[in-house]
1. Of all alpha-carbon pairs in region 149-307, indicate the percentage at a distance above 28 angstrom.
2. Which whole DSSP H helices in the chain pass both tests: a Cα extent of 24 Å or more along the axis and a mean Kyte-Doolittle value no lower than -0.5?
3. Using a Förster distance of 25 angstrom, determine the FRET efficiency expected from the C-beta separation of T388 and N306, and round it to 0.05.
4. Ignoring solvent entirely, what values of log10 I(q)/I(0) come out of the Debye formula for region 81-145 at 0.11, 0.22, 0.25 Å⁻¹ when each Cα is a single scatterer?
5. When ranked by the protection proxy of mean other Cβ atoms within 10 Å per residue, highest first, what sequence do the peptides 85-92, 326-333, 248-255 form?
6. Rank by packing, highest mean first: peptides 223-235, 30-42, 105-117, with packing defined as the count of other Cβ atoms within 10 Å averaged across residues.
7. Under a point spin-label approximation (7 Å from Cα along Cα-to-Cβ), what is the L117-E185 distance to one decimal in nm?
8. Using only the alpha carbons, work out the radius of gyration and Dmax of region 265-314 in angstrom.
Amino acid sequence: MSFTFDIVAKTGSARAGVFSTPHGPVETPAFMPVGTLATVKSLDPDDLVRMGASMILGNAYHLHLRPGDDVVREMGGLHEFMRWDRPILTDSGGFQVFSLAQLRTVTEEGVEFQSHLDGSRRFFTPEIVMQIERNLGADVIMQFDHVIPGQSDEATARDASERSIRWLERCLKELQRLEETQPLEPPREEFPPDNPRNHQALFPIVQGGIHSQRRREAAERIQGLYDWAGFGIGGLSVGEEKDAMYEMIRVVDEALPRTHPRYLMGVGFPEDLIEAIERGVDLFDCVAPTRMGRNGAVFTHDGRLNIKRTEYRTDPRPLDPDCDCAACMRFSRAYIRHLFVSEEILGLRLLSLHNVHFLLSIARDARQAIINGDYESWSRDWLSRYRTSSPLAV
Ligand SMILES: [Zn+2]
């Protein structure tokens with residue numbers, strides 16, 4: 001098997017595990033930095049390795065538009081192209097087609113839409129998306145799914161969820177065809193038929209909006225289709241209340257097998273990580289740490305602060321005194337504030353470094369707490385400090 005998941009410790013639903021992939025292991029719970037366009041904005045692969053990132057994300061929609069998945073394939077696939085030799089997961093583009101693109105038409109066949117870059121007409125079907133993700137060559141690839149707004153009614157949620165399951169079956173069939181006909185390694189190399197790197201793990205996505213019954217039903221039907229290596233949980237953190245999100249994670253935790261990794265898509269604020277780990281989630285991604293860094297927002301153990309504020313003009317402390325990232329080990333808030341307000345590139349880079357490191361550390365610390373058997377008290381203390389001592393929230 002190219003993909004395995006071993007659980008090393010458990011506390012309630014929370015678990016510490018090791019997800020093995022053809023490009024190496026991922027210790028879970030894990031936060032996956034987002035490299036939408038084959039780069040985690042302002043960070044290079046060495047930074048990410050130093051911070052202990054094991055798996056990162058790429059995005060099929062964005063890379064299809066620029067530079068083109070055919071270009072990435074010609075350059076040896078995404079790992080080779082961006083010089084990242086650890087695991088990669090690609091998102092299918094479902095979320096972008098339904099959030100960024102304009103003038104969408106959804107049919108059973110697929111989705112026709114306009115590129116957000118140049119307005120050109122595009123058509124995504126489950127088969128086309130599998131070809132894109134094959135060209136990119138990530139270890140884990142997400143199915144193409146029908147994404148709906150967070151507050152959608154039950155009929156809309158049911159319709160989208162059922163379509164997503166039908167599209168999942170088409171994704172699987174097409175991936176199996178591609179694995180036989182389009183080996184992943186560059187064709188100039190000898191290709192051993194049992195090369196584990198040829199195999200990509202297709203993750204299905206459990207949809208169903210904020211409707212428990214729809215979520216349970218989707219989880220059940222998906223499990224009946226194939227022996228999946230892991231499961232995605234989609235359509236959360238898209239405008240619904242936090243309590244509804246946590247409740248849906250709990251429902252899905254009960255409905256999915258506990259033997260496989262679960263990836264909560266696009267959810268990655270500090271408090272969400274901790275609440276979701278408690279409810280059995282293993283993998284996370286979120287653009288928040290880099291996107292917020294570009295606005296001057298900084299995660300700290302005492303809540304969020306914004307480095308633009310005047311009060312940091314002569315503040316000699318690091319961004320977070322309890323952080324050991326490369327920015328906090330060397331630079332003061334005053335210096336980073338100066339860089340940021342002067343629009344110096346280094347300012348953005350240091351904020352990204354810190355924020356990404358912060359989320360990677362939460363997942364790592366959570367893992368250690370699960371192994372130590374004290375996740376409950378660790379998470380309670382962590383959340384109470386983060387939520388109560390945040391006078392400078394942004
Ligand atoms: Zn830091």
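Where a number appears in this text, it was derived from the coordinates with a stated rule and is not lab data. It should be emphasised that the depicted structure is a prediction, and the values quoted were computed from it without experimental measurement. Note that each Cβ is placed from the backbone with ideal geometry, even for glycine, and that neighbours are counted across all protein chains shown.
1. Details: 4281 of 12561 pairs.
Tail of P(r) above 28 Å: 34 percent of Cα pairs.
2. Values: long enough: 154-181 (40 Å, -1.10); 345-372 (40 Å, 0.75).
The answer, listed by residue number, is 345-372.
3. Values: r = 19 Å, r/R0 = 0.75.
Efficiency computed from Cβ-Cβ geometry: 0.85.
4. Values, matching the q order: -0.28, -0.92, -1.07.
5. Values: 85-92: 23.8, 326-333: 17.1, 248-255: 20.6.
Per-residue Cβ counts within 10 Å, averaged per peptide and sorted highest first, yield 85-92, 248-255, 326-333.
6. My ranking of the peptides, most packed first, is 30-42, 223-235, 105-117.
7. It works out to 3.1 nm between the two label points.
8. For region 265-314, the Cα-based Rg and Dmax read 13.3, 43 Å.
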